[in-house]
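First the structure, in the form of structure tokens, and then the observations on it.
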Amino acid sequence: MEIEQMRREDARWKMLRVIDAGRPVGVNEGIIRRVLSDLNLPFSQAELRRELAYLRDLGLIEIGEVDGEQFAKATAAGVAVVEYTAAAPAGVARPGKVS
């Protein structure tokens, strides 16, 4: 697998976890970028928005915008993926569940 693809898929999982942690309110893109950067996965704003759109298109999150900044909220499907009650879709590198 291509390294850049692995990076994106790993980041999508971590983004979904951050967004889930922010429930029931949304998490703004600045917080998501900061967490990814702290995890040594820096993303530009354009890259982050592209990956948020990918998660939205999978039905895992909803995206809104306030004063030009995007925020994301987990959908029921996104919560199910994070809680391991639903299969992770292709393109999201969710690790195996540890018992």
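Readers should treat all values here as calculations from the given coordinates under stated rules, not as data from a laboratory. All of these numbers come straight from a predicted model, not from anything done at the bench. A quick note on method: Cβ atoms are made from the backbone with ideal geometry, for glycine too, and the neighbour counts reach across all protein chains shown.
Within region 6-99, report the trypsin sites (Lys or Arg not before Pro) that DSSP leaves as loop and that have at most 16 other Cβ atoms within 10 Å.
Taking region 6-99 and a limit of 16 other Cβ atoms within 10 Å, the loop trypsin sites (Lys or Arg not before Pro) found are Lys97.
So what is the 222 nm mean residue ellipticity for the chain from helices alone, if each DSSP H run of at least 4 adds -39500 (n - 2.57) and you divide by all residues, rounding to the nearest 500 deg cm²/dmol?
Roughly -15500 deg cm²/dmol at 222 nm, from the helical runs in the chain.
With each pseudo-label sitting 7 Å past Cα toward Cβ, what's the Arg34-Tyr84 distance in nm, one decimal?
3.0
Let's see if you can work this out: charge +1 on each Lys and Arg Cβ, -1 on each Asp and Glu Cβ, no other charges. What is the dipole magnitude of region 3-82 about its Cα centre, in debye to the nearest 20? It would help to have the intermediate numbers written out before the result.
Details: 12 positive and 13 negative charges, 37 e Å.
Here the size comes out at about 180 debye.
List the GluC sites (Glu not before Pro) within region 6-87 that fall in a DSSP loop (any state other than H, G, I, E or B) and whose Cβ has at most 14 other Cβ atoms within 10 Å.
For GluC sites (Glu not before Pro) across region 6-87 that sit outside H, G, I, E and B with at most 14 neighbouring Cβ atoms in 10 Å, the list reads Glu83.
For region 1-61 and region 68-99, what is the separation of their Cα centres, given in Å?
Measuring centre to centre over Cα atoms gives 11 Å.
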